[in-house]
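The values are calculated or read from the model by the stated rules, or taken from the named source; none is laboratory data. Here the structure is a predicted model, which is why all the values come from computation and not from measurement. For neighbour counting, all protein chains shown are included, and Cβ atoms are generated from backbone atoms with ideal geometry for every residue, glycine included. To get the accessible areas, we keep the full protein, side chains included, count just its heavy atoms, and leave off ligands, DNA and RNA. Shrake-Rupley method; radii C 1.70, N 1.55, O 1.52, S 1.80 Å.
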There are 2 protein chains.
Amino acid sequence: MQPIPRRTLTEAATEALRERILRGVHRAGEPLRQEALAAELGVSRIPLREALHRLEAEGLVALVPHRGAIVAEVPVGDLAELFELRALIECDLLARAIPLATPEDLEHARGAAGVFAQAVTRGRTAQLGEANSRFHAALYAPANRPRTMELVERLHMQCDRLLRLQLTLTDGGAQAVREHEALWHAVSDGDLSRATQQLQEHILGAGTRLAAAIASQTRQEG
Amino acid sequence: MQPIPRRTLTEAATEALRERILRGVHRAGEPLRQEALAAELGVSRIPLREALHRLEAEGLVALVPHRGAIVAEVPVGDLAELFELRALIECDLLARAIPLATPEDLEHARGAAGVFAQAVTRGRTAQLGEANSRFHAALYAPANRPRTMELVERLHMQCDRLLRLQLTLTDGGAQAVREHEALWHAVSDGDLSRATQQLQEHILGAGTRLAAAIASQTRQEG
DNA sequence: CGGCTGCATATTGGATACAATAACCGGTCG
DNA sequence: CGACCGGTTATTGTATCCAATATGCAGCCG
C-alpha cells in the first residue's frame, strides 16, 4: 500500500509554474510579480517564493535580488552545446540499456513511441515534449541509471523550451516519428552500434535543424 | 565597474548550509530542524526554508512534507554511475578544450594544480574538493561550455560527499597530484588521446578505489 | 498484558504584517 | 532644455503569527 500522496502548496505551485513556463504561458524575460502570480495560483507569496527558488535551481527562473524573478532566457546561445551534451549522455545510456533490455522494456518503449506519434498526427503540440521525453526515457530505463536519467530529463526540459521557440514541429515531428521507429527497431534487434548511431543523428539532427530554423527566423525578424 | 555584490539572507543561508553539508557538519540522514538551524544561522525560518528548497533541487537535502528536511543520503549506491558519468562528460569537455587552450589557460591550470598539491601536502582536507574542482574546471574552461561546466560542478559536489565518507585521501591525494601532473603535461603537449585517456583513468580509478574503500569499511562495520 | 484511542506537545506549512530596497515622477537648478 | 535631487509608490525581503499535521504519551478497553 502506498502511504503518502501528500501535496504541499509549494510543490503544487512549483509544478504549475514549471508547466506554465515550459508551455510558454510566460515568455522568456517576462517578470514574475510575486503578488500577482500568487493570487493567480490562489496561494500566498510564501509557497510561491519557495517554488521560484526551486525553479531557479532548475534553470527556468532567474532571481535578481530586490528586483524579483524573471522567466529565464531560452538558451539559444547554448543550443548546440545542449544538444551535443544530450547526444553524448543519451548514447551512453542507450549503449548500457540495450544489453539489459527485456521484451517488456521494448514493448513499453513501443507504446511510448506510439503515444508520441499520435500526439504528432493530432497536432497536440503541448504534449509533444513530454511524449518525446517519455519515449527516450523508456529506451534508457533498462540501463538503470537514475542519476543520469534525472539529468537527461532536465536537459530535455531546456531543449523543449528551445523547440517551442520554433514551431516547425509540423514536419520535424513527422521526421522524429520515423526516426523513433528506426531507432526502436535497431534497439529491438539489439544492434548497439546502429542504435547509438541513429540516436546520435536523431538528436544532433534535431539540434541542427532547430538552430537553422531559429537563425533564419531571427534573420527575418532582425 | 562591478555593479552589484548584492546578498540576500536566503542566498547566504543557502551557501552556508551547502557548505556545512559538504563539509560534513551535518551527517547524512540528519534531520534539519528549521527553528534551530535558523537560530544558529541568525535568520528567521523564511530564508532558511527557501534555502532548503534550493538545496533540495541540488540533491543535498530531502524534504518530506510535514516532517521536515533531512540531509540527503550520500549516493553510495550510485557511486559507479556518478564517476562513470563524470568520466564521460569530462573527457568530452577536455577533448573540446585542448584544441582551444591558450598558453594562459595552461598556466592557469598549472596554478590550480599547484594549489591542489599544496592542499594535499598540508593536509587541508576541507579544501581538497574545491581545489580539485578548480583544477578540472581550469582544464575544461577553454571548451567554453557553460552548461556542461555547471553540470560537472554539481557532479563534483556529489562525488565530494562520497569522498568524505572515506578519508583515505592521504594516499589517494598523493596519487591524484601525480595524475594531475601527468594529465597537465598531456594537455600541454596537445596530445588529445593521451590526455583523455589519462583523465578517464584518473576519474574511473578514483571511483573504483573509493568504492573498494567504502566496501571494505562497510564490511568491517557490518 | 497488549493494543488502541485521544489528548498534549513539537514542528512544519502558510498567511499576514512590517521593513528595506528599487523604480517612478515631478520639480528645481544649472 | 537637460540633469540632478527629493519624495512617493510599488515590489521584494524578512519576521512574526496562526493553522495544520505529526509525534509521543497516558489511560482505557479488550
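Along the principal axes of its C-alpha atoms, what lengths does region A:11-76 span, in descending order and rounded to whole Å?
Rounded to whole Å, the extents work out to 33, 26, 19 Å.
Can you give the calculated 222 nm mean residue ellipticity of the protein assembly as shown, where each DSSP H run of n ≥ 4 adds -39,500 (n - 2.57) and the sum is split over every residue, rounded to the nearest 500 deg cm²/dmol?
For the protein assembly as shown, the value works out to -24500 deg cm²/dmol.
Based only on Cα atoms, what mean projected area does the convex hull of the protein assembly as shown have, in nm²?
Convex hull of Cα atoms, orientation-averaged projection: 24.9 nm².
Would you be so kind as to identify which of B:ILE46, B:ALA13, B:ALA72 lies farthest towards the positive end of the dipole of region B:3-95, taking Lys and Arg as +1 and Asp and Glu as -1 on Cβ and the Cα centre as origin?
Of the options given, the answer is B:ILE46.
Rounded to the nearest 100 Å², what is the buried accessible area between A and B, both sides summed, probe 1.4 Å? Spell out each step's value before the answer.
On the way: alone 12880 and 12870 Å², together 22890 Å².
The A and B chains share an interface burying roughly 2900 Å².
State the percentage of accessible surface on the protein assembly as shown attributable to carbon and sulfur atoms; use a 1.4 Å probe and exclude ligands, DNA and RNA.
52
Taking the Cα centre of the protein assembly as shown as origin, work out the dipole magnitude from +1 charges on Lys and Arg Cβ and -1 charges on Asp and Glu Cβ, in debye rounded to 20.
That gives a dipole near 1160 debye.
Ranked highest first by the average count of other Cβ atoms within 10 Å around their residues, in what order do A:204-217, B:44-57, B:140-153 fall?
B:44-57, B:140-153, A:204-217
Could you check how many percent of all C-alpha pairs in region A:76-221 are farther apart than 27 Å?
Tail of P(r) above 27 Å: 16 percent of Cα pairs.
Given R₀ = 41 Å, what would the calculated FRET efficiency be for B:SER193 paired with A:ARG67, taking r from the Cβ atoms and rounding to 0.05?
Details: r = 48 Å, r/R0 = 1.17.
That pair, B:SER193 with A:ARG67, gives E of 0.30.
What accessible area per residue, rounded to a whole number of Å², is obtained for the protein assembly as shown using a probe radius of 1.4 Å?
52
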